[in-house]
Amino acid sequence: MRKTAALLLMHVIPFGATFGQYWPEEIVPPPLSVTANGRFGHSIALQDNWLLVGAPGVDAGVPGSGLAYLFDRNEGGVDAWDLVKTLYPPFPAFDAGFGTRVELFGDHAFVAAPTDTYLGYPVGSVCVFQRDLGGPGNWGFLQKIQLDTLQADLAFGAAMYLSEGYALIACPGYDEDPGGQEGLGAVVLFSLNSAGLFEQTRFIRGDALVDTVTFRPCIAGELTVVQNTFVHARNDGIYSLNADSVLDATLPLPVATRSMLTDTFGQPANSTFFRQVLGSQELAVIGVVPYDQSVFPRMVSFTVDAQHQLTQGGHAIPDTSLSQLEYHEYSWGRAADLEGHRLIVGAYGDEIFTPLGHAEVFDHAPGSLTGWERQAYLVQPDPALGDLFGWSVTIADDVVAVGAPTAGGTDEGKVYVFRDPFATVNAPPDATAPGFTIAPDPISRAEGVLRIDLGPRNGAGTATIRNVRGHVIAHHALQGSGTLPVHGLLPGIYVLEWDPAEPHLQREAQRFVVMP
């Protein structure tokens with residue numbers, strides 16, 4: 001994919017369609033080892049203060065072998081997101097795509113290369129790295145996981161579900177009847193043994209995870225576990241069964257239960273397909289996509305009962321006040337992530353048209369009209385045509401990350417980390433002193449001057465005023481508490497971000513309203 005021109009246009013969000021708050025961002029540029037077409041940001045994962053980024057197109061001695069990069073949130077300063085470790089495949093292979101999928105869980109990092117070869121067959125592999133292996137703070141190579149099933153295009157590692165002591169890894173290209181109809185894929189269980197290695201303990205064919213094999217497209221590959229219920233989806237439905245029966249190789253597999261949509265949103269039941277399968281402690285969220293592209297996709301939530309039955313709940317939908325190009329060709333929802341009751345959905349834009357991609361953050365709100373409330377609409381601060389911003393997304397605690405794998409002059413890629421400005425407002429690191437205050441709020445344009453009181457943390461810094469779309473309106477350098485001119489601001493909602501000059505102090509943000 002080649003960008004022919006940079007397009008310096010920001011998304012224009014119609015009046016009434018701005019949501020929630022501005023989320024300040026940090027741009028994570030590609031490391032120097034990312035080569036042309038490296039696609040840094042093709043996959044991303046967050047856990048605690050760690051950000052893992054896959055770059056499957058990097059030429060690491062072999063074309064298309066791929067690399068992965070680990071960043072620490074506070075390495076180099078608060079929210080600096082500096083590189084701390086480059087993860088290499090032990091045996092780089094041509095077009096293996098190492099970094100196509102990355103995951104973090106506990107002290108382990110998993111990096112998939114779904115087209116890696118074994119005995120000449122492109123079956124895929126997953127490499128596992130362990131924290132502190134090889135020394136404190138190091139992430140050392142632990143093992144390479146690869147199946148001995150010699151079927152081409154297994155895509156082993158295309159999807160993973162990780163939990164304490166085990167890993168479920170999908171190979172959606174597996175065919176239980178080679179030479180027959182299209183196969184149903186497979187899921188492989190790896191358990192942590194006494195030596196601290198993941199060993200294969202179960203191979204589950206896809207035809208054992210559905211209620212019928214008369215309709216035979218490949219299983220979607222995505223999978224999750226919610227309330228001790230294993231959940232996966234394929235084109236014809238959503239399937240669930242007791243997770244213990246999947247995770248314990250000594251137990252037989254029960255017949256899977258197929259759940260149909262009770263609300264098909266005006267579409268025939270057989271005119272939708274399913275892709276993303278996400279889970280948190282209480283919810284399963286599944287991407288539902290109509291075959292009719294004039295009908296927008298949505299992320300549908302389900303609750304799970306003790307009998308492993310799914311009940312359809314609310315749904316998050318794209319911002320339909322924008323052009324349909326914003327979610328063209330099913331791009332909205334191709335990437336999504338769920339943590340607790342917060343959901344992030346990516347829409348990666350287009351290579352040619354002006355919509356440049358975005359991400360939307362939702363909070364689960366059962367009492368609302370759709371069951372989900374949009375909290376933020378995230379765009380690039382430096383957009384260019386064909387960046388594919390929104391191709392990958394991930395969420396953890398108070399931050400989300402969005403990948404743009406074809407950003408840059410030769411598609412090196414970038415990652416953007418956005419911080420919820422109200423997750424830590426007025427909560428400095430020692431939590432002993434209040435944050436800054438502003439007054440009056442609301443303020444009229446006639447008053448003209450906004451007072452900022454930095455309290456006990458009085459000191460130099462920069463005050464930045466932004467509108468709710470994130471555009472910078474003004475920067476003001478202050479030596480301490482003082483006043484800011486606002487008489488030139490149009491009526492509306494603004495965000496004042498205070499960035500202290502002292503590096504050990506965190507940034508804070510507050511909203512204020514300007515009246516006519």
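Okay, here's what the table says:
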{"item": "Residue tally, condition at pLDDT 90 or above, assigned to a loop (DSSP other than H, G, I, E, B) and closer than 22 Å to residue 45 by Cα, over the stretch 371-397", "result": "5"}
{"item": "The stretch 493-508, residues that are surrounded by fewer than 15 Cβ atoms within 10 Å (Cβ to Cβ) and either free of Cβ contacts under 8 Å to residues at least 24 places away in the same chain or in a loop (DSSP other than H, G, I, E, B) (or both)", "result": "501, 502, 503, 504"}
{"item": "Near pairs, Cβ below 6 angstrom, 6+ apart or cross-chain, from the stretch 389-417 (free of Cβ contacts under 8 Å to residues at least 24 places away in the same chain) to any residue that is open to solvent by 10 Å² or more (accessible area, probe 1.4 Å) and of a type outside the set (Ser, Thr, Tyr)", "result": "none"}
{"item": "Residue count, the stretch 399-410 (criterion: surrounded by fewer than 24 Cβ atoms within 10 Å (Cβ to Cβ) and modelled with pLDDT of 90 or more)", "result": "3"}
{"item": "Strands (runs of 3 or more DSSP E) lying entirely in the stretch 82-177 (those with 3 or more residues that are in contact with a Leu (Cβ under 9 Å, 6 or more places away or on another chain) and open to solvent by 10 Å² or more (accessible area, probe 1.4 Å))", "result": "82-87, 101-105, 139-145, 159-163"}
{"item": "Any hit, the stretch 469-492, residues being among the basic types (Lys, Arg), open to solvent by 70 Å² or more (accessible area, probe 1.4 Å), touching a residue at least 12 places away in the same chain (Cβ under 8 Å) and assigned to a strand (DSSP E or B)", "result": "no"}
{"item": "Positions within the stretch 52-66 being open to solvent by 10 Å² or more (accessible area, probe 1.4 Å) and touching a strand residue (DSSP E or B) at 6+ places or on another chain (Cβ under 6 Å), in sequence order", "result": "60"}
{"item": "Cβ-Cβ under 8 Å pairs, at least 6 apart or on other chains, the stretch 199-211 side within 16 Å of residue 233 (Cβ to Cβ), far side open to solvent by 70 Å² or more (accessible area, probe 1.4 Å)", "result": "210/258; 211/255; 211/258"}
{"item": "Only one of 62, 84 that is more than 22 Å from residue 348 (Cα to Cα) and modelled with pLDDT under 95", "result": "62"}
{"item": "Extreme residue, farthest from the chain's Cα centre (by Cα), among residues of the stretch 52-77 that are farther than 15 Å from residue 396 by Cβ and assigned to a strand (DSSP E or B)", "result": "67"}
{"item": "Considering residues of the stretch 178-218 that are at positive phi and at pLDDT 75 or above only, the residue surrounded by the most Cβ atoms within 10 Å (Cβ to Cβ)", "result": "185"}
{"item": "First in the stretch 359-381 and within 21 Å of residue 391 (Cβ to Cβ), second anywhere and of a type in the set (Ser, Thr, Tyr) and surrounded by fewer than 21 Cβ atoms within 10 Å (Cβ to Cβ), Cβ under 8 Å, 6 or more apart", "result": "377/18"}
{"item": "Count of the stretch 139-175 residues which are modelled with pLDDT of 95 or more and of a type in the set (S, T, N, Q)", "result": "1"}
{"item": "Selection within the stretch 34-51 - more than 15 Å from residue 392 (Cβ to Cβ) and open to solvent by 50 Å² or more (accessible area, probe 1.4 Å)", "result": "36, 37, 48, 49"}
{"item": "Residues within the stretch 98-123 that are modelled with pLDDT under 95 and on the phi > 0 side of the Ramachandran plot, tallied", "result": "3"}
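To keep it simple, each residue is scored yes or no on (1) touching a His at 6+ places or on another chain (Cβ under 7 Å); (2) in a loop (DSSP other than H, G, I, E, B); (3) at pLDDT below 90; (4) more than 23 Å from residue 236 (Cα to Cα).
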{"residue": "265", "(1), (2), (3), (4)": "no, yes, yes, no"}
{"residue": "281", "(1), (2), (3), (4)": "no, yes, yes, yes"}
{"residue": "286", "(1), (2), (3), (4)": "no, no, no, no"}
{"residue": "293", "(1), (2), (3), (4)": "no, yes, yes, no"}
{"residue": "296", "(1), (2), (3), (4)": "no, yes, yes, no"}
{"residue": "302", "(1), (2), (3), (4)": "no, no, no, no"}
{"residue": "322", "(1), (2), (3), (4)": "no, yes, yes, yes"}
{"residue": "344", "(1), (2), (3), (4)": "no, no, no, yes"}
{"residue": "351", "(1), (2), (3), (4)": "no, yes, yes, yes"}
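The values are calculated or read from the model by the stated rules, or taken from the named source; none is laboratory data. Here the structure is a predicted model, which means the values were calculated and not measured. No Cβ is skipped: glycine too gets one built from the backbone with ideal geometry, and neighbour counts run over all protein chains shown. What goes into the accessible areas is simple: the full protein's heavy atoms, side chains included, and nothing from ligands, DNA or RNA. Shrake-Rupley method; radii C 1.70, N 1.55, O 1.52, S 1.80 Å.
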